[in-house]
Amino acid sequence: SKSLSDEENLKLFGKCNNPNGHGHNYKARLLISLLFSPQIDPVSGMVINLTDLKEYMQEAIMEPLDHKNLDKDVPYFAEVVSTTENVAVFIWENLKKLLPMGTLYKVKVYETDQNIVVYKGEETISE
């Protein structure tokens, strides 16, 4: 984090604190909602065409993130710390722009088999 000293970064991020960065092979899983999304198409039997979904994933995830140094190559992470939590938010925000409203339910990002982040967007409470 640019807002922390070298000592604070080391204490907070441990072995992930490298001035030249470090790599991860993230895996992302998306959950599409049947509860709030459009009805299942009676002809195709799908809520969303899987070919379209793959194209959206390519545009929202693969093009901006695949084989990139997040801190140097992805403008979003110039000011946002590239934690797995923020990667999940990035994916959510990019996909939400492309998918039909109410379709995206949850994004799960695996940094490792033990480090997993689940993001369901910002929840608003109606009064």
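The values are calculated or read from the model by the stated rules, or taken from the named source; none is laboratory data. Since we're looking at a predicted model, the values are computed, not measured. In this analysis, Cβ positions are derived from the backbone assuming ideal geometry, glycine residues included, and neighbour counts consider all displayed protein chains. Each accessible area value is taken on the protein alone, full model and side chains, heavy atoms only, with ligands, DNA and RNA left out. Shrake-Rupley method; radii C 1.70, N 1.55, O 1.52, S 1.80 Å.
Considering each of Tyr76, Tyr119, Tyr110, Tyr105 in turn, give the residue that is within 27 Å of Met46 (Cβ to Cβ), touching a helix residue (DSSP H, G or I) at 6+ places or on another chain (Cβ under 6 Å) and of a type in the set (Phe, Trp, Tyr). So that I can check it myself, show each step before the final result.
On the way: Tyr76 fails: within 27 Å of Met46 (Cβ to Cβ); Tyr110 fails: touching a helix residue (DSSP H, G or I) at 6+ places or on another chain (Cβ under 6 Å); Tyr105 fails: touching a helix residue (DSSP H, G or I) at 6+ places or on another chain (Cβ under 6 Å).
Sole residue among the options that is within 27 Å of Met46 (Cβ to Cβ), touching a helix residue (DSSP H, G or I) at 6+ places or on another chain (Cβ under 6 Å) and of a type in the set (Phe, Trp, Tyr): Tyr119.
Take Val87 and decide whether it is closer than 19 Å to Asn25 by Cβ and in contact with a His (Cβ under 9 Å, 6 or more places away or on another chain). Show your work before the answer.
Details: closer than 19 Å to Asn25 by Cβ: yes; in contact with a His (Cβ under 9 Å, 6 or more places away or on another chain): yes.
Yes.
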Flag for Asn69 being more than 20 Å from Val107 (Cα to Cα), at pLDDT below 80 and not hydroxyl-bearing (Ser, Thr, Tyr): no
Residue match in the range 44-60 (condition: at pLDDT below 75 and either closer than 28 Å to Asp73 by Cβ or part of a helix (DSSP H, G or I) (or both)): no
Residues being loosely packed, with under 15 Cβ neighbours inside 10 Å and within 23 Å of Glu79 (Cα to Cα) - total across the range 98-114: 0
Residue selected from the range 19-30 under the condition touching a strand residue (DSSP E or B) at 6+ places or on another chain (Cβ under 9 Å) and open to solvent by less than 60 Å² (accessible area, probe 1.4 Å), by the criterion modelled with the lowest pLDDT: Leu30
Test: residue in the range 89-99 that is part of a loop (DSSP other than H, G, I, E, B) and either more than 19 Å from Thr112 (Cβ to Cβ) or out of contact with any Pro (no Cβ under 8 Å at 6 or more places or on another chain) (or both): yes
Contacts under 9 angstrom Cβ, first residue in the range 1-17 being of a type in the set (D, E, K, R), partner assigned to a loop (DSSP other than H, G, I, E, B) and open to solvent by less than 100 Å² (accessible area, probe 1.4 Å), 6 or more apart: Lys2/Val81; Asp6/Asn17; Glu8/Ser1; Lys11/Leu4; Lys11/Asn17; Lys15/His22
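I'd like to know if the range 66-88 contains one or more residues that are β-branched (Val, Ile, Thr), open to solvent by 70 Å² or more (accessible area, probe 1.4 Å) and part of a helix (DSSP H, G or I). Full working, then the answer.
Our first condition is that a residue be β-branched (Val, Ile, Thr); within the range 66-88, this holds for 74, 80-81, 83-84, 87.
Within this subset, residues satisfying the condition of being open to solvent by 70 Å² or more (accessible area, probe 1.4 Å) are none.
No, because not a single residue in the range 66-88 is β-branched (Val, Ile, Thr), open to solvent by 70 Å² or more (accessible area, probe 1.4 Å) and part of a helix (DSSP H, G or I).
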Of residues in the range 117-126 being modelled with pLDDT of 90 or more and out of contact with any Ser or Thr (no Cβ under 8 Å at 6 or more places or on another chain), the one least open to solvent (accessible area, probe 1.4 Å): Tyr119
Checklist (1) touching a Gly at 6+ places or on another chain (Cβ under 9 Å); (2) open to solvent by less than 30 Å² (accessible area, probe 1.4 Å) applied to Leu95, failing item: (1)
